[in-house]
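What follows is one structure encoded as structure tokens, with my remarks underneath.
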Amino acid sequence: MNSEIEEKHEQIVALDVPSSREAAEAVRRIGDAVSFYKVGLELFVADGPETLRMLRGEGKRIFLDLKLHDIPRTVARATESCMRFGVDLLTIHAQGSSAMIAAAAEAVRQAGAGTRILAVTLLTSLDASDLSALGVTRSVEEQVFELGRLAVGSGAHGLVCSPREAAALRAALGPSPLLVTPGVRPAGADVGDQKRVSTPYDAILAGASHVVVGRPVMCAPDPRAAALAIRAEIERAEAALMSRQQ
Ligand code: C5P
């Protein structure tokens, strides 16, 4: 892994709350321990623009997880709308195909914006029987790999993936694409409904550039302390990567 990737290791906290009021409370409580937040569909549909303005006002970076999937023109125009809020990371579905991914990437390029397009390959809620019902004959692993290659080859700046997929994708795609991994739990934490989790340390060592953490921070008795502990774990992983290189 090169220095470009080392500079990108980040913790992103998922603001999985139903209103901008609760989001603002969480952001203020966590303070300077976290600089990057994910806004998903629940919060965006309820209070999207207000929440994004609040995050910008607090000087935070924004991962807008809308998983866009539509005709290329519509996705390009939705991407333009997102850029007006200063969104840093935006998700689209790789299954929208090459033209749709390229349209989103081109909208960013034309705007000269810092927004980075992340493709979602296959939702982790889908398994082999779902693929079969959709007429997909590839295995889950092959489908993730092929959609990942298609997305990056079409202009996506990175992928959302399971930490368990990160090492293979990093080996296949090289050092440049962002690899953003949810499904992360500090050692000993409650896994909730996540089935295949990794620690932040292991995710970074596997090649993740960003780890997304929701409940281990948001539901902690002291969210700020929980976020700082995860940050320390990421720093330990960075030190291990550095010593591997020497
Ligand atoms: O609370 P938890 O850490 O499980 O939250 C993870 C966040 O990442 C949630 O917002 C969830 O929707 C999102 N996510 C995920 N798995 C995926 C894609 C997104 O957990 N495959």
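Here are a few things to note about the model shown:
- If only residues of the stretch 54-99 that are of a type in the set (S, T, N, Q) and assigned to a helix (DSSP H, G or I) are counted, the one that is surrounded by the fewest Cβ atoms within 10 Å (Cβ to Cβ) is S81.
- The residues of the stretch 110-127 that are in contact (Cβ under 8 Å) with a residue 12 or more places away in the chain and either surrounded by fewer than 22 Cβ atoms within 10 Å (Cβ to Cβ) or on the phi > 0 side of the Ramachandran plot (or both), listed by number, are A111, A113, G114, R116, T124, L126, D127.
- Among the candidates E165, E146, the residue that is crowded, with 20+ Cβ neighbours inside 10 Å and of a type in the set (D, E, K, R) is uniquely E165.
- Qualifying residues in the stretch 167-193 (those that are outside any loop (DSSP other than H, G, I, E, B) and under 22 Å from A227 (Cα atoms)) - the one nearest to the chain's Cα centre (by Cα): V180
- Note on the stretch 103-147: residues that are outside any helix (DSSP H, G or I) and either in contact with a His (Cβ under 9 Å, 6 or more places away or on another chain) or within 23 Å of V211 (Cβ to Cβ) (or both) amount to 13.
- Whether a residue is loosely packed, with under 14 Cβ neighbours inside 10 Å and either assigned to a helix (DSSP H, G or I) or within 16 Å of the ligand (Cβ to nearest atom) (or both) was assessed, and A237 does not pass this test.
- Of the residues contained in the stretch 184-195, none is found to be touching a Phe, Trp or Tyr at 6+ places or on another chain (Cβ under 9 Å), buried (at least 20 other Cβ atoms within 10 Å of the Cβ) and not polar (S, T, N, Q).
- Being of a type outside the set (A, V, I, L, M) and under 22 Å from L90 (Cβ atoms) holds for only one residue in R170, R215, and it is R170.
- Test result for G174, within 24 Å of R116 (Cβ to Cβ), away from the ligand (no atom under 15 Å from the Cβ) and buried (at least 17 other Cβ atoms within 10 Å of the Cβ): no
- Residue that is nearest to the ligand (Cβ to nearest atom) [pool: residues in the stretch 204-224 that are free of Cβ contacts under 8 Å to residues at least 40 places away in the same chain and assigned to a helix (DSSP H, G or I)]: P216
- Filter pass, R196 being outside any helix (DSSP H, G or I), touching a residue at least 60 places away in the same chain (Cβ under 8 Å) and either farther than 14 Å from H9 by Cβ or of a type in the set (D, E, K, R) (or both): yes
- Residue under evaluation D47, criteria (1) more than 16 Å from the chain's Cα centre (by Cα); (2) modelled with pLDDT under 95, criterion not met: (2)
- For the residues A206, A237, A171, the requirement of being among the small types (G, A, S) and closer than 30 Å to R28 by Cβ singles out A237.
The values are calculated or read from the model by the stated rules, or taken from the named source; none is laboratory data. Predicted, not measured: the structure shown is a model, and the values here were computed from it. We place every Cβ from the backbone using ideal geometry, glycine too, and count neighbours over all the protein chains shown.
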